[in-house]
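A.B. asks: Let me begin by handing over the structure; questions about it come next.
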Amino acid sequence: MVFQLRLGRNSCRGFSLWDDRAPLIAVNTSFNFQARIYTLFHEYAHLLTRTNSVCVGFPEFLTGTSGDFWERWCEEFSASFLLPQTDFLDHLRRVHPDGHVTEFEVVSRLASRFRVSLRAVALRLGELGQADFDLYTEVDRRAKVSEQERRGGRGRPLSRHQRRLEEFGHRLPSVLLEGAQRNIIDTHNILEYLDLSITNLDDLRKTLVG
């Protein structure tokens, strides 16, 4: 079973509960979709070990033997699953023939190309010997700054409809609004599902159209 739950950015990235009959994965929708996909397969890796897990934050030290072995293994599993070695290296050689990656901008382009998180790319580059793990530290720092800005920065919290766009992306709200326009779904159901007021919904509609 897989659940997407609004747990808040101060909560865990996700958790997994092993059961012989119905293993469970829950992903925190407060993070962007790239981070959620990465977390999904991280938690799946935990289930492969037939253990329970709650994952808080992101790894900060990935060299040597320090840290939790299984937590590192699950991080590596997710990065490997989302970035298959042959395809990833072939594309890297085309866009960055110099080989060893040291620039954040290269990581950003790769993340956009494969639609994965910056951290996943940096981790995979380190695993494959295409970057030093120091690059992961820099990527992690920049990702945290970006996440803080998306939360509203210095005392500017996101509005309710903006938070819903962060959680669900643009596609789901657009489909729901189109359904209401075509009388397939009632507006009240949309308000209940997205946990919005009428004013919030109007703001959401304007943002999507604009």
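The values are calculated or read from the model by the stated rules, or taken from the named source; none is laboratory data. What you see is a predicted model; the values in this text were computed from it and never measured. Every residue, glycine as well, gets a Cβ built from its backbone with ideal geometry; the counts of neighbours run over all protein chains shown.
A.B. asks: Looking at segment 164-173, is at least one residue of a type in the set (Gly, Ala, Ser), closer than 24 Å to Asn32 by Cβ, modelled with pLDDT of 90 or more and not assigned by TED's automatic domain parsing to the domain that holds Gly14?
C.D. replies: No, segment 164-173 contains no residue that is of a type in the set (Gly, Ala, Ser), closer than 24 Å to Asn32 by Cβ, modelled with pLDDT of 90 or more and not assigned by TED's automatic domain parsing to the domain that holds Gly14.
A.B. asks: Identify, please: which residue in segment 110-142 is assigned to a helix (DSSP H, G or I), under 16 Å from Leu89 (Cα atoms) and among the charged types (D, E, K, R) and is, among those, farthest from the chain's Cα centre (by Cα)?
C.D. replies: Among residues in segment 110-142 that are assigned to a helix (DSSP H, G or I), under 16 Å from Leu89 (Cα atoms) and among the charged types (D, E, K, R), the one farthest from the chain's Cα centre (by Cα) is Glu127.
A.B. asks: Mind checking which pairs have a first residue in segment 81-108 that is in contact (Cβ under 8 Å) with a residue 12 or more places away in the chain and a second that is small (Gly, Ala, Ser) and assigned to a loop (DSSP other than H, G, I, E, B), Cβ under 6 Å, 6 or more apart or different chains?
C.D. replies: Val101/Ala131
A.B. asks: Mind counting the residues in segment 10-23 that are surrounded by 21 or more Cβ atoms within 10 Å (Cβ to Cβ) and either at positive phi or in a strand (DSSP E or B) (or both)?
C.D. replies: 3
A.B. asks: Something else: I need every pair where a residue in segment 184-199 that is closer than 18 Å to Gln4 by Cβ has its Cβ under 7 Å from the Cβ of a residue that is basic (Lys, Arg) and outside any loop (DSSP other than H, G, I, E, B), sequence separation at least 6 or different chains.
C.D. replies: Partner pairs satisfying both residue conditions: Leu194/Arg164; Leu196/Arg160; Leu196/Arg164.
A.B. asks: Turning to a different aspect of this structure: Please find, within segment 168-196, the residue that is nearest to Ser30 (Cα to Cα) out of those that are in a loop (DSSP other than H, G, I, E, B) and of a type in the set (Asp, Glu).
C.D. replies: Residue satisfying both the conditions and the ranking: Asp195.
One line per residue, one yes/no per condition, for (1) in the same structural domain as Leu123 (by TED's automatic domain parsing); (2) at pLDDT 95 or above; (3) surrounded by 15 or more Cβ atoms within 10 Å (Cβ to Cβ); (4) not in a loop (DSSP other than H, G, I, E, B):
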| site | (1), (2), (3), (4) |
| --- | --- |
| Ile25 | yes, yes, yes, yes |
| Ser30 | yes, no, yes, no |
| Ile37 | yes, no, yes, yes |
| Val54 | yes, no, no, yes |
| Gly57 | yes, no, no, no |
| Thr65 | yes, no, no, no |
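Per-residue answers, yes or no, for (1) closer than 23 Å to Phe41 by Cα; (2) modelled with pLDDT under 85; (3) out of contact with any His (no Cβ under 6 Å at 6 or more places or on another chain):
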| position | (1), (2), (3) |
| --- | --- |
| Val121 | yes, no, yes |
| Leu125 | yes, no, yes |
| Glu138 | no, no, yes |
| Val145 | no, yes, yes |
| Arg150 | no, yes, yes |
| Asn183 | no, no, yes |
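A.B. asks: Sticking with this one: In segment 39-52, what residues are assigned to a helix (DSSP H, G or I) and over 9 Å from the mean Cα position of the chain (by Cα)?
C.D. replies: Hits for segment 39-52 are Phe41, His42, Glu43, Tyr44, Ala45, His46, Leu47, Leu48.
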